[in-house]
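Here is the structure we will look at, set down as structure tokens.
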Amino acid sequence: PYTTYLDTNNTTYLNESLSGKYLGVGIKITITEDEQVEIVEVFEDSPAKKSGIQVGDIITTVNNEDITGKTTAEIANMIKSEENSKVKITVNRNNESLTFEMTIDNLMVPAVETKLLVQNNHNAGYIKLSVFNDTADTQFASALSSLENSGMESLIIDLRENTGGYLEVAKNIAEMFIEKGKVIYSLESKNSKTTYKDKTSEKRNYKIAVLINKSSASASEILAAALKYSYG
């Protein structure tokens, strides 16, 4: 009952979203109600961030070509080109026209958001994982290390709205916490059942809370269950 058919376009979109990398400058755009192209997110350590582009900027031209009436997909294709090539983006910021030239780069699709929460003299780390794409475990490990170096004493892992992704990536993240030899997940087929256990020496001992909701599925369920039953 959970099997669905993906046509060529949907398969391509799924593969791209899970690849974990893309060619671009590191911005997310939307079309506003008055049909302006607004930048709603600028990714950290991206060419756009380094150039000075800001959230709220309104894109007017790409490589001196007017983008009026174009879709977000069309504009993204205008920005993307071969890696290491240049792109020129002109924006309107507070009625001032600004032009930024930057180099297209092969970037990681952001999969984690992180912050340190301080309350009652306690430091709690927070990591929101939006998808288990091909680079999510690398991004998660980097975020976790940064929080630990900042004095984190406990951790909140937010898997709400995360519909899943690669099983191997979920396993890699679970292995950062679970003690060697403990069960991560089991796969049962018609004739057999295979149990996968942690084979690494890496583990943690601080308290962890995992947030899920009705949209947390697949790899999210596996990670949440592994931490619930095998951590600590």
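Entry comment: accessible area of segment 1-144 is 61 Å² per residue, from protein heavy atoms only and a probe of 1.4 Å. Oblate is the label for segment 86-139, because the ratio a/c of its alpha-carbon gyration tensor axes (a ≥ b ≥ c) is 1.5 or higher and a/b is not greater than b/c.
Local charge for Leu211 was computed over the other residues whose Cβ lies under 15 Å away, with Lys and Arg +1 and Asp and Glu -1, and equals +2. Using a cut-off of 24 Å between Cα atoms, the listed pairs Lys199/Lys228; Lys171/Lys203; Lys115/Lys199 include Lys115/Lys199 as exceeding that distance. Surface composition of the chain: carbon plus sulfur atoms hold 46% of the accessible area, using a 1.4 angstrom probe and ignoring ligands, DNA and RNA. Which shape class, rounded, prolate or oblate, goes with segment 9-118 when its Cα gyration tensor gives a ≥ b ≥ c as root eigenvalues, a/c under 1.5 marks rounded, and past that a/b bigger than b/c marks prolate? Because its axes are fairly even, with a/c under 1.5, segment 9-118 counts as rounded.
If R0 is 25 Å, the Cβ-Cβ spacing of Lys49 and Met176 corresponds to a FRET efficiency of close to 0.35.
Computed from point charges on the beta carbon alone (+1 for Lys and Arg, -1 for Asp and Glu), the dipole magnitude for segment 5-151 about its Cα centre is near 360 Debye. Dividing the helix sum by the residues of the chain, where each DSSP H run of 4 or more adds -39500 (n - 2.57), gives a mean residue ellipticity at 222 nm of -7500 deg cm²/dmol. Quick test of the membrane-span-like rule: which DSSP H helices of the chain reach at least 15 Å along their long axis (C-alpha atoms) with mean Kyte hydropathy at least 0.5? The answer, listed by residue number, is 219-230.
Modelled spin-label separation between Leu187 and Tyr22, with each label point placed 7 Å from Cα along the Cα-to-Cβ direction: 2.9 nm.
The values are calculated or read from the model by the stated rules, or taken from the named source; none is laboratory data. From a predicted model like this one, the values you see are computed outputs, not experimental measurements. Quick reminder, even Gly has a Cβ in these numbers, built from the backbone with ideal geometry, and neighbours come from all protein chains shown. These area figures cover heavy atoms from the full protein model, side chains too; ligands, DNA and RNA do not enter into them. Shrake-Rupley method; radii C 1.70, N 1.55, O 1.52, S 1.80 Å.
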